[in-house]
Amino acid sequence: MIVRSFIPALLALCTTLPAAAASSPLVGDPAPDFTLRAVAGGNVRLSETRGQVVVLSFYGSECNPCRAQLAQLNGVYRTYLPAGLTVYGVSIDDDDDEARAFAQRAGVAFPMLLDPSKGVGREYSIVALPTIVIIDRGGVVRYVHREPKSTGEPVYVQQLRRLLDE
Amino acid sequence: MATVRALTLIALVACCTAFAQDAPPDAAAAAPAVDTRSLDAQVQDLKKEVVDLNRDLFILEEELLFPANTQVAVFLSMDVGEFFALDGVTLKIDDKEVANHLYTPREAEALMKGGVQRLYVGNLKVGPHELVAFFNGKGPNDRDYRRGATLQFEKSVGAKYLELRITDRQRKAQPEFEIKDWE
């Protein structure tokens with residue numbers, strides 16, 4: 001009987017675990033600074049966004065879940081832009097042309113950056129795609145997410161709201 | 001009527017008593033203010049000490065990592081920048097890439113306002129060396145522009161300072177790139 005009463009709790013735990021923030025050695029540390037080329041032209045330096053909540057979405061052009069996540073992020077970006085949210089898509093494709101073509105097809109409003117050498121990907125310990133890194137207004141990594149199959153409102157949106165209110 | 005007056009009087013007296021109890025004595029009120037100021041001064045002193053310590057540690061680290069007899073530092077400056085919008089610089093010393101920097105519009109603007117950037121600091125042996133710098137950006141008429149500049153220099157005992165300079169050549173309406181050796 002006691003075991004039965006635990007079953008719903010266990011099920012609930014299993015459901016929430018995949019959506020929870022992935023363990024990353026970066027969480028709690030200052031976000032490594034970088035300068036990358038933007039698909040739209042010009043260069044972007046992360047440290048120049050200090051004071052804003054920043055989302056880095058690492059993706060690849062051959063990753064299908066990435067496309068869905070970028071579209072989802074685009075909606076989030078449009079909603080929270082006035083509150084001080086900055087979003088960057090970071091492509092880790094080897095081929096610049098392919099990455100540019102993918103970025104243009106994605107049609108997102110936020111800047112898409114190119115990391116063909118994967119130097120930034122390595123610094124952020126990216127081991128799976130898509131991965132979302134959330135950085136607070138002080139430049140500290142607060143959450144790292146790998147949740148390509150999330151449906152409904154992703155967990156990171158609630159966390160973003162919390163960070164935007166800080 | 002007398003009852004109303006009596007009640008009003010009692011209420012007033014009660015009010016005054018309550019205020020007198022709530023209001024702290026003058027001396028007691030002044031003391032915390034002095035304490036706060038003193039604490040604030042202490043915090044400021046502590047902050048200054050931390051900043052000084054940080055500066056000393058930075059200097060010490062620089063001296064240890066780049067001793068004066070082997071140190072080479074390369075700076076970048078930009079004068080006017082009317083004919084060239086800087087995008088990136090790649091630096092090679094003795095055919096080995098030592099620095100690669102991409103410039104954001106804000107950084108380029110800072111350089112145009114007179115800022116000087118320390119692009120690279122490292123160590124070199126005494127003797128002849130070659131420095132090659134590649135400048136990428138947008139040139140006149142918003143065209144992609146890539147230019148290089150080379151300098152053969154002699155590293156002697158003592159720190160070596162080199163400056164990459166981007167200037168406008170008004171007569172030709174073109175940017176000019178040069179490397180200056182600060183003896």
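The values are calculated or read from the model by the stated rules, or taken from the named source; none is laboratory data. Since the model is a prediction, treat every value here as computed from it, not as a measurement. Neighbour counts run over all protein chains shown; Cβ positions are idealised from the backbone, glycine included. Each accessible area value is taken on the protein alone, full model and side chains, heavy atoms only, with ligands, DNA and RNA left out. Shrake-Rupley method; radii C 1.70, N 1.55, O 1.52, S 1.80 Å.
What distance in nm separates the simple spin-label points at B:THR70 and A:GLN158, each placed 7 Å from Cα in the Cβ direction?
For the pair B:THR70/A:GLN158, the computed spacing is 5.5 nm.
Am I reading the A/B interface right? What is its buried accessible area, both sides, 1.4 Å probe, to the nearest 100 Å²?
Working: alone 8770 and 12750 Å², together 20820 Å².
Interface between A and B: roughly 700 Å².
Return the equivalent ellipsoid semi-axes of the stretch B:114-183 as a descending list in whole Å, where each equals the square root of 5 times an eigenvalue of the C-alpha gyration tensor. Please report the intermediate quantities before stating the final value.
On the way: eigenvalues 153, 28, 26 Å².
For the stretch B:114-183, the ellipsoid semi-axes come out as 28, 12, 11 Å.
Can you list the equivalent-ellipsoid semi-axes of the stretch B:75-141, largest first and in whole Å, using the square root of 5 times each Cα gyration tensor eigenvalue? Please list the in-between numbers first.
Numbers: eigenvalues 122, 33, 20 Å².
That gives 25, 13, 10 Å for the three semi-axes.
Please compute the Kirkwood hydrodynamic radius over the stretch A:47-166, one decimal place, Å, based on all pairs of different Cα atoms. Please list the in-between numbers first.
Working: mean 1/r = 0.0697 Å⁻¹.
One over the average 1/r among Cα pairs gives 14.3 Å for the stretch A:47-166.
Students often get this wrong, so check it: of B:LYS96/B:LYS180; A:LYS118/B:LYS180; B:LYS47/B:LYS113; B:LYS96/B:LYS138, which have C-alpha atoms separated by over 29 Å? Walk me through the numbers on the way to the answer.
Working: B:LYS96/B:LYS180 20 Å; A:LYS118/B:LYS180 34 Å; B:LYS47/B:LYS113 31 Å; B:LYS96/B:LYS138 25 Å.
Listed pairs above 29 Å: A:LYS118/B:LYS180; B:LYS47/B:LYS113.
Find the eigenvalues of the gyration tensor of the Cα atoms of the stretch B:27-166, then list the square roots of 5 times those eigenvalues as equivalent ellipsoid semi-axes, largest first, in whole angstrom.
The equivalent ellipsoid of the stretch B:27-166 has semi-axes of 43, 24, 10 Å.
Would you mind getting me the FRET efficiency between A:GLN104 and B:THR167? Use the beta-carbon distance for r and R0 = 51 Å, nearest 0.05.
The value I calculate is 0.85.
Out of the stretch A:73-166, which trypsin sites (Lys or Arg not before Pro) are coil in DSSP terms and have no more than 16 other C-beta atoms within 10 Å?
Numbers: sites: A:ARG78, A:ARG100, A:ARG105, A:LYS118, A:ARG122, A:ARG137, A:ARG142, A:ARG146, A:LYS149, A:ARG161, A:ARG162; in loops: A:LYS118, A:ARG137, A:ARG146, A:LYS149.
Within the stretch A:73-166, the qualifying trypsin sites (Lys or Arg not before Pro) (loop, at most 16 other Cβ atoms within 10 Å) are A:LYS118, A:ARG137, A:LYS149.
Roughly how many whole Å is it from the C-alpha centroid of the stretch B:110-172 to that of the stretch A:115-129?
One Cα centre to the other: 30 Å.
If I model a spin label at A:GLU123 and A:ASP33 as a point 7 Å from the Cα along the Cα→Cβ vector, what separation in nanometres do I get?
0.9
Want the number for B:LYS96 to B:TRP182: 0.36 nm per residue separation, take away the alpha-carbon distance, what's left?
28.8 nm
Go ahead and run the numbers for FRET between B:GLU82 and B:ASP52, Cβ-Cβ distance against an R0 of 30 Å, rounding to 0.05. Kindly include the intermediate steps, with their values, before the conclusion.
Numbers: r = 41 Å, r/R0 = 1.38.
The value I calculate is 0.15.
How large is the direction-averaged shadow of the alpha-carbon convex hull of the stretch A:25-96, in nm²? Before the final figure, lay out the partial values.
Numbers: hull surface 23.7 nm².
Averaging across all directions leaves 5.9 nm² for the Cα convex hull.
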